[in-house]
Every structure is written in structure tokens, then in C-alpha cells.
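This report concerns only the one structure given below.
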Amino acid sequence: MFSTLRLTYMTLSILCMLAVTAAADTRKDIQFPDIPGFKTIICDFHTHTVFSDGYVWPTVRMDEAWREGIDAIAVTDHIEYQPHSDYVSTDHNASYEVATPAAQRKKIMLIKGTEITRGTPPGHFNAVFIKDVNPIDTPDFMDAVEAAVEQGGFVFWNHPGWKGSEVGRWREVHQTLYDKEWLGGVEVLNGTTYYPQAHEWCLDKGLAMLGNSDFHRPSMHKRTETGDHRALTLVFVKKFTQDGIKSALNAARTAAWDQHRIIGREEHLAPLFKASVQVFAPHHVDENSLWVEMKNNSHLTYQLRRTGDLGPETITLEANATIIVQLESDGQNRKKTLEYTAENVLIAPNKGLPVTLIVPRKR
Ligand SMILES: [Zn+2]
Ligand SMILES: [Zn+2]
């Protein structure tokens, strides 16, 4: 009797262990190189759970972040919109509290946040790096933003053109927030939607550019592949800590990245491209041509179009891959300078990043 029970217990234990092993998640890292002076980290500052109008339990957001190679994430449930309140707590801090142990287990930096959700204008605003959401639940919009800022929060404007670019214009209220130094950034990318006017404002006003998923449903990405991932923000930090990320946001050291393009400032995207791409000396030279390897060490496929005299009209530098480019030979063994525009690296609306590829001479 005793031994049968014991055997049953052992069998159960083994079955439980197998279940734990089977549930272990694999992370697919997102490859972007660091740039001089700064470490490049991958963040999503805008997600929802069942504690507002999302459809997932907060711990699921941490599992997804781990699998998809995300370093830091904010759960930003709406303050003013809680359609599941008959079934779950209306405490605005609940989603953060539920997510915290899962974030620790999955080594995800969880940033405390909320979405201040008003009509347009002013629109929707995320406050991140806050301490307590409840004081931000105030009838007056300016009071809500002030309460977030008083807690050391960083406030940014979400999806400014979601009700149409005319409705999402820069109004007096936005100027007031900006003048008070309460507004730190704008989403230039929300999901798959790019807001060129927001890109322009960020360039003009020195604001951080954000790219976020705004996920309400479960993420359908089992892992992050090079051309298949949620909208994300690259943050160029001195230190990978909560304060380090906040400082980088305040200094507008960010870029927004979606499936096939990256949106930001030339001062960050030029060194990022340079750190991503290696051009080798020709490995073969024949009568008419040089054969050159080019390697892209990043998760973004770069689309290049020639602006100079040398090189093919277009070059596609596949993400995390090496290609061979054929160049016309001029019969001279010297370094060659190829001038291109990276068309999907946007340094302003409709403006790609100018890049130079230097082919060293053959040794
Ligand atoms: Zn919103
Ligand atoms: Zn939202």
C-alpha cells in the first residue's frame, strides 16, 4: 500500500517535471548592434491586458516579451476605460502587480505605466516610469498629466492621427504640455501605422520617437523573425536600468521600428547602419568585375538605392545575412566608395538615410 502510493507520487512528480520542461520558452534575440557610446535595447511602451480593454492576463505579456526578444515592456492599461470591470479588479495598479513576478522570472524589465485616455483633442497619452496610477485618475486632463510628471513619469502622445491626421493636429493643448516640459515624446508608429506628421514634430521639437505594439489581443508572434515582429522602440541607453531608459527617452535617443523600416534621427540611424553593415575587400577579381561580400548584422533588411556612380542600382542587404555584390572593375586595385540611400531608414518623412559603403582594396 505504502509503496504503491509512493510510486504514484513519483510518477506524478516526473509528469510535473516534464510539464515544466515542455513549458520552457525559447527566446529569439533581436539583433541590433550597439552604437558608439550607447547600448541598443528593444522596448514596447504600450500594451493592454484584461484590466482595461485587452484580452490577456498580464503575465502573458511577459511570456510574449521573452519569446520575442524584447528587453523592457510597459503594461499601460486605460484609466478611463475598463470594460471588464464586472469580472476583474478596477484597481489601476493591478496589472502591474500581477505582471511583476512573471517579469522577474522571465528577466523582462517591467516598466510601470498607464494610458490617460481622453477624447481628441487632446487624445491618448501614456505615462511610463510612474509609481502609482491611482493619483493620475483625475477628472481634469492637465491634472492627470501633472500627477504623472510629479511622480517622475515620462509622458508621450499615442497614435496622434488615429482619428484622421486633421483631427490629430498639434493643438494648443499640446503646445501647453510641451511648454510646461510635460510632453517627452510621440508615437511615430503604433502597430503598423506610421504618422509622418509626428516624425516631423519630433524632429522639430526634440521629442522622443516611439514605436509600440498597442497590443490588446494575444501576440501572434511565437518568436521574432527578421521580417515578422511587433512595432518596437529601439532605445540607445548608457545603462540598461529603469533610470537609464528614462534618461535616454528624455534625451530623445530612440528609433521606431516596424516590419520593414526604421524611423528616427540621422544622428542615431547613421551610426546604427554603420555598426550593422560590414563591407569586405574583394575576394575575387576577374577581367571585368570585382566580387565583394557585404554582411548585415542587424534584424532589419536594408533597401539601398544608388546615388553615386559606382555599384548596382539597388542593393538589398538581407537581415542577419551576407550577400555577394558584383562591381564593375576599373582595372585599378584601390579602395572604392559607393554612395547610396537606405530608403527604408527614414530620417524624416520621405527621406532615406544617405550611406557610404567603402570597399577596401584587394590585398
Ligand atoms: Zn489609445
Ligand atoms: Zn492603447
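The values are calculated or read from the model by the stated rules, or taken from the named source; none is laboratory data. What you see is a predicted model; the values in this text were computed from it and never measured. For neighbour counting, all protein chains shown are included, and Cβ atoms are generated from backbone atoms with ideal geometry for every residue, glycine included.
Some notes on this structure:
- Residue in region 113-122 that is of a type in the set (Val, Ile, Thr), buried (at least 24 other Cβ atoms within 10 Å of the Cβ) and within 16 Å of ligand 2 (Cβ to nearest atom) present: yes
- For region 133-170, the set of residues classified as within 15 Å of ligand 2 (Cβ to nearest atom), assigned to a loop (DSSP other than H, G, I, E, B) and not polar (S, T, N, Q) consists of Val133, His159, Pro160, Gly161, Trp162, Lys163, Gly168, listed by residue number.
- Whenever a residue of region 306-318 is within 15 Å of His260 (Cβ to Cβ), its partners that are of a type in the set (Val, Ile, Thr) and surrounded by 15 or more Cβ atoms within 10 Å (Cβ to Cβ), lying with C-beta atoms within less than 6 angstrom and at least six residues away or across chains, give the pairs Glu318/Thr301.
- Region 203-216, subset surrounded by fewer than 17 Cβ atoms within 10 Å (Cβ to Cβ) and in a loop (DSSP other than H, G, I, E, B), residue farthest from ligand 2 (Cβ to nearest atom): Gly206
- Extreme residue, surrounded by the fewest Cβ atoms within 10 Å (Cβ to Cβ), among residues of region 171-202 that are small (Gly, Ala, Ser) and part of a loop (DSSP other than H, G, I, E, B): Gly191
- Any hit, region 158-168, residues being under 20 Å from Asp243 (Cα atoms) and within 12 Å of ligand 1 (Cβ to nearest atom): no
- Only one entry in Thr49, Thr76 is modelled with pLDDT of 95 or more and farther than 18 Å from Lys131 by Cα, namely Thr49.
- All positions within region 51-76 that are part of a loop (DSSP other than H, G, I, E, B), out of contact with any Gly (no Cβ under 7 Å at 6 or more places or on another chain) and crowded, with 21+ Cβ neighbours inside 10 Å: Phe51, Ser52, Gly54, Glu68, Ile70, Asp71
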